[in-house]
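This report concerns only the one structure given below.
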Amino acid sequence: MLKIGLTGGIASGKSVVGEMFVALGAQLVQADKISHALMQPGEVIYDEVVRCFGREILNADGTVNRSRLAEIVFAGPSAGQSGPRIEELNRIVHPAVIRRENEWMEEVSRKDPQAVAIVEAALLLEAGGAGRYDSLVLVTCGEAQRVARFAARQKIDLEAARKEVARRMAAQWSEDKKAEAADFIIDNSGPLEQTRSQVQHLWQKFRPGTSLTTGTTR
């Protein structure tokens, strides 16, 4: 089985690229969905997150309000903190997410030893998980596209989106650093058909019996 890590900065289009790979036959799991499930009431991670960040992150029904949690972890430092609290959240969540990802890959391998299993994770590199994969794919896009996509997704104006994107990107590895670590780069700045063409080209490399060579897809 081929294990692929799929990553990229906020609003780069990782999920769109992941869906394109699925359409071609890949198996996909999203770290964000695993994280969301682990932070449901009754889960150990939920209890730890609430203990660390307070009940103000909760909705009336007791579920975690992810937007409110994001406001806290990406904000400036609180008393006794030297910086944003995203690292504190990551220390709680990442180990459990990685365990679930590994369990998923093992299950996929048992069912289909020839499968291409893709883990989509925004903080894949920051979590130190690159070594678990046979190949790492980075999705990139220009700043203008990133801001516009984030604004549309969050239903906010462009200026607010620009500030929020900058704040969140500051808590991640730079695009240049991620590019150095990646085996392949997909540029998602243009039309979707251009992105799909790059995905299809890369899929040919991922199919069983082919050898992987690194580089930017075009």
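If you check every pair at least six apart or on different chains, which have Cβ atoms under 6 Å apart with a residue in segment 142-163 that is over 12 Å from Ile10 (Cβ atoms) first and a residue that is not hydrophobic (A, V, I, L, M, F, W, C) second?
Final answer for the pair search is Gly142/Ser189.
Which pairs turn up if I take residues in segment 121-132 that are more than 18 Å from Leu28 (Cβ to Cβ) and look for partners that are part of a loop (DSSP other than H, G, I, E, B) and at pLDDT below 90 with beta carbon separation below 8 Å, at least 6 apart in sequence or on another chain?
What qualifies is Glu126/Gln172.
Residue-by-condition table, conditions (1) more than 15 Å from Val116 (Cβ to Cβ); (2) within 21 Å of the chain's Cα centre (by Cα); (3) surrounded by 17 or more Cβ atoms within 10 Å (Cβ to Cβ); (4) at pLDDT below 95:
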{"site": "Ser174", "(1), (2), (3), (4)": "yes, yes, no, yes"}
{"site": "Ala182", "(1), (2), (3), (4)": "yes, yes, yes, no"}
{"site": "Gln194", "(1), (2), (3), (4)": "yes, no, no, no"}
{"site": "Ser197", "(1), (2), (3), (4)": "yes, no, no, no"}
{"site": "Leu202", "(1), (2), (3), (4)": "no, yes, yes, no"}
{"site": "Leu212", "(1), (2), (3), (4)": "no, no, no, yes"}
{"site": "Gly215", "(1), (2), (3), (4)": "yes, yes, no, yes"}
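Do you know which residues across segment 38-69 are under 17 Å from Ala122 (Cβ atoms) and touching a residue at least 24 places away in the same chain (Cβ under 8 Å)?
Going residue by residue through segment 38-69, those that are under 17 Å from Ala122 (Cβ atoms) are 38-39, 66-67, 69.
Residues satisfying the conditions are Leu38, Met39, Arg66.
Suppose we keep only residues that are in a helix (DSSP H, G or I), surrounded by 12 or more Cβ atoms within 10 Å (Cβ to Cβ) and of a type in the set (A, V, I, L, M) within segment 38-64. Which one would you say is nearest to the chain's Cα centre (by Cα)?
Step one: filter segment 38-64 for residues in a helix (DSSP H, G or I), giving 38, 44-53, 55-57.
From what's left, surrounded by 12 or more Cβ atoms within 10 Å (Cβ to Cβ): 38, 45-50, 52-53, 57.
Still in the running and of a type in the set (A, V, I, L, M): 38, 45, 49-50, 57.
Values: Leu38: 16, Ile45: 19, Val49: 19, Val50: 22, Ile57: 22 Å.
This residue is Leu38.
Can you confirm whether Ser197 is over 18 Å from Asp32 (Cα atoms), of a type in the set (Ser, Thr, Tyr) and in contact with a helix residue (DSSP H, G or I) (Cβ under 8 Å, 6 or more places away or on another chain)? I'd like the intermediate steps shown before the answer.
On the way: over 18 Å from Asp32 (Cα atoms): yes; of a type in the set (Ser, Thr, Tyr): yes; in contact with a helix residue (DSSP H, G or I) (Cβ under 8 Å, 6 or more places away or on another chain): no.
It is false that Ser197 is over 18 Å from Asp32 (Cα atoms), of a type in the set (Ser, Thr, Tyr) and in contact with a helix residue (DSSP H, G or I) (Cβ under 8 Å, 6 or more places away or on another chain).
If you go through segment 3-37 one residue at a time, how many are part of a loop (DSSP other than H, G, I, E, B) and either at pLDDT 95 or above or not β-branched (Val, Ile, Thr) (or both)? Even if it seems obvious, please write down each step before you answer.
Taking segment 3-37 and keeping what is part of a loop (DSSP other than H, G, I, E, B), we get 9-13, 25-26.
Filter once more, keeping what is either at pLDDT 95 or above or not β-branched (Val, Ile, Thr) (or both): 9, 11-13, 25-26.
Number satisfying all stated conditions: 6.
Tell me whether segment 100-110 contains one or more residues that are surrounded by fewer than 19 Cβ atoms within 10 Å (Cβ to Cβ), under 16 Å from the mean Cα position of the chain (by Cα), under 28 Å from Arg68 (Cβ atoms) and in contact (Cβ under 8 Å) with a residue 60 or more places away in the chain.
Yes, segment 100-110 has at least one match.
Yes or no: segment 142-164 includes at least one residue that is within 27 Å of Pro95 (Cβ to Cβ), of a type in the set (A, V, I, L, M, F, W, C), touching an Asp or Glu at 6+ places or on another chain (Cβ under 9 Å) and modelled with pLDDT of 95 or more.
So far as segment 142-164 goes, no, none of its residues is within 27 Å of Pro95 (Cβ to Cβ), of a type in the set (A, V, I, L, M, F, W, C), touching an Asp or Glu at 6+ places or on another chain (Cβ under 9 Å) and modelled with pLDDT of 95 or more.
Can you name every residue in segment 1-25 that is hydrophobic (A, V, I, L, M, F, W, C) and closer than 14 Å to Arg196 by Cα? Steps first, please.
Taking segment 1-25 as the starting set, the residues that turn out to be hydrophobic (A, V, I, L, M, F, W, C) are 1-2, 4, 6, 10-11, 16-17, 20-24.
Val16, Val17, Met20, Phe21, Val22, Ala23, Leu24 - these are the residues of segment 1-25 that are hydrophobic (A, V, I, L, M, F, W, C) and closer than 14 Å to Arg196 by Cα.
The values are calculated or read from the model by the stated rules, or taken from the named source; none is laboratory data. All of these numbers come straight from a predicted model, not from anything done at the bench. A quick note on method: Cβ atoms are made from the backbone with ideal geometry, for glycine too, and the neighbour counts reach across all protein chains shown.
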